[in-house]
Amino acid sequence: MRTETERLLAMACGSDGSRWANRSVILSGAGRFLLPVQEAAAIVDHVCAVVSSQWRSCFRQAGVNEQDCTRLAGAFVYKGLLL
């Protein structure tokens, strides 16, 4: 069941094999991607900023209606992402 603060990734990326989609889990797996934690943090922060600011306009340009965008918003920006 999906909650307000939890999302699962398709791929495990946490150091413990976790699939939770939040900043701390993603950064815990930086070494698996041969990245220092600081570089991984910069990448995660950049991706979050770009996706947060642009996903809706990209979807609208692709013909997704506003009602569907509203329904999908929680997949991109949610309370638990930056934990």
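List of remarks:
- Residue check for residue 66: surrounded by fewer than 13 Cβ atoms within 10 Å (Cβ to Cβ), over 22 Å from residue 4 (Cα atoms) and among the charged types (D, E, K, R): no
- In the set 80, 74, only one residue is of a type in the set (Gly, Ala, Ser), surrounded by 10 or more Cβ atoms within 10 Å (Cβ to Cβ), out of contact with any helix residue (DSSP H, G or I) (no Cβ under 7 Å at 6 or more places or on another chain) and not in a helix (DSSP H, G or I); that residue is 80.
- Of all the residues in region 16-40, those that are part of a loop (DSSP other than H, G, I, E, B) and under 17 Å from the mean Cα position of the chain (by Cα) number 6.
- Filter pass, residue 39 being loosely packed, with under 13 Cβ neighbours inside 10 Å, in contact with a helix residue (DSSP H, G or I) (Cβ under 9 Å, 6 or more places away or on another chain) and within 19 Å of residue 75 (Cβ to Cβ): no
- Qualifying positions in region 1-19 - surrounded by 12 or more Cβ atoms within 10 Å (Cβ to Cβ) and either closer than 13 Å to residue 79 by Cβ or acidic (Asp, Glu) (or both): 5, 6, 7
- Among residues of region 48-69 that are within 16 Å of residue 21 (Cβ to Cβ), those with a beta-carbon under 6 Å from a residue that is of a type in the set (Val, Ile, Thr) at least six positions away or on a different chain give the pairs 52/77.
Quick note: the coordinates plus some simple rules give every number you see, no bench work behind them. Bear in mind that the values here come from a model prediction, so they are computed numbers and not experimental data. Every residue, glycine among them, receives a Cβ derived from its backbone with ideal geometry; neighbour counts consider all protein chains shown.
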